[in-house]
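Novice: Pasting a structure below so you can have a look.
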């Protein structure tokens, strides 16, 4: 083994050790926050989250600007600066509430929070399951969306949420532990072969596969209308439906005006028929569930995370104005780091 291989081996081992240390620290912090939210109770936890959101609004200028920027792309001149600021503040308040609530749900009193989530449209899910080919639950980053799976699993449904683990090792460790704390059955997208094997098995067993379908798809997306603009959208739900015959059922969770109770809204199954053109079928189905997502966002504007560069990828390439430019000092730092890496 030459010196370069020895160096790489040492770096790899150090990285693994650092991941374990950081992962343990993150898990310890997670348990601490679960304990704190449990002690103060659900309502106080939500109040704490709201205050955290106000703090984010005050200090996280880029995050606040991203929300306003995306609102401008979606609504143009029809939304005033004052209204955009108000929505941005509420978006960050809901962000704080949702995180505080997840820590509360991770504790022994999770039943208090889950029982406060009413299920509307359960008959639509039952009708879809009666077909016996499984259900693809299409959802979005709307409300406290991880609780869709937790709530349905509590009702006895065989629900599994598709998740992407974080790129860092320690982040994945914390993320997996957090999913376990809130009792969210999940299936990671990697390794890909294992993912598809498990997903197809779940649908064959007439289970429910949860998929989030509201993010910008940089590669392999299908362009459909979203708030009047072409948006590169993940075709996964449509592709799985075409392959398996599973029912496509949009479902979303939203917080009620009292800021404590919530509703899990289950829409009617998306109706589609197969033609001789699978590509056209996939586009039509993708457009339908994207329309459902947009409709629910419009009804609950401040409960969607407006921080995703949803319109960044366009048919002609990247759309520069769909993303805020970073400050020059950040660009200089990035160039400096890249230069160091090439030495």
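Each value in this text was obtained by applying a stated rule to the coordinates, not by laboratory testing. These figures come from a predicted structure and were not determined experimentally. Positions of Cβ are generated from backbone atoms using ideal geometry, with glycine treated the same way; all protein chains shown enter the neighbour counts.
Novice: Taking square-rooted eigenvalues a ≥ b ≥ c of the alpha carbon gyration tensor, is segment 21-163 rounded, prolate or oblate, where a/c under 1.5 means rounded and, failing that, a/b exceeding b/c means prolate?
Specialist: Oblate is the answer for segment 21-163, as a/c is 1.5 or above yet b/c matches or exceeds a/b.
Novice: Starting from one equal scatterer on each C-alpha and no solvent at all, send me the Debye-based log10 I(q)/I(0) for segment 178-323 at q = 0.09, 0.15, 0.20 Å⁻¹, two decimals.
Specialist: -0.32, -0.92, -1.45
Novice: Most fluctuating residue of 29, 37, 161 in a GNM of the chain with Cα springs under 10 Å: which is it?
Specialist: Residue with maximal mean-square fluctuation among 29, 37, 161: 29.
Novice: Please compute the alpha carbon radius of gyration of segment 66-148, then divide it by the globular-protein estimate 2.2 N^0.38 Å. Two decimals is fine.
Specialist: Cα-based Rg divided by the globular estimate yields 1.49.
Novice: Now a separate question. If we count other beta carbons within 10 Å of each Cβ, what is the order of 145, 289, 157, 31, fewest first?
Specialist: 31, 157, 145, 289
Novice: Rounded, prolate or oblate: which fits segment 204-260 when a ≥ b ≥ c are the square roots of the eigenvalues of the alpha-carbon gyration tensor, with rounded for a/c under 1.5 and prolate only if a/b beats b/c?
Specialist: Judged from the Cα gyration tensor, segment 204-260 comes out oblate (a/c at least 1.5, b/c at or above a/b).
Novice: Related question: Tell me, in nm to one decimal, what length is gained between residue 323 and residue 242 on full extension, where the rule is 0.36 nm per residue of separation less the Cα-Cα distance?
Specialist: Extra length from residue 323 to residue 242 when fully extended: 25.8 nm.
Novice: Give me 310, 89, 151 ranked fewest to most by other Cβ atoms within 10 Å of their Cβ, as a rough exposure proxy.
Specialist: Sorted ascending by nearby Cβ count, the order is 89, 310, 151.
Novice: Something else now. Before rounding to the nearest 500, sum -39500 (n - 2.57) across all DSSP H runs of length at least 4 in the chain and divide by the residue total; then give [θ] at 222 nm in deg cm²/dmol.
Specialist: -18000 deg cm²/dmol
Novice: I want the antiparallel fraction of DSSP beta bridges within the chain, as a percent rounded to 5.
Specialist: Taking every DSSP beta bridge within the chain, about 40 percent pair in antiparallel fashion.
Novice: Next question, about the same structure. Just the Cα atoms of the chain: what Rg and Dmax do they give in Å?
Specialist: Cα only, the chain: 21.4, 65 Å (Rg, Dmax).
Novice: Given the options 268, 280, 291, which has the most mean-square fluctuation in a GNM of the chain, springs set between C-alpha atoms less than 10 angstrom apart?
Specialist: In the Gaussian network model the winner is 280.
Novice: May I ask for the Rg/Rh ratio of segment 132-192, computed from Cα atoms with Rh as the Kirkwood radius, given to two decimals?
Specialist: 0.98
Novice: By count of other Cβ within 10 Å, fewest leading, how are 120, 101, 294 ordered?
Specialist: So the residues, fewest neighbours to most, are 120, 294, 101.
Novice: Taking R0 as 41 Å, what's the FRET efficiency between residue 39 and residue 131 from their Cβ-Cβ distance, rounded to 0.05?
Specialist: Once rounded, the FRET efficiency stands at 0.35.
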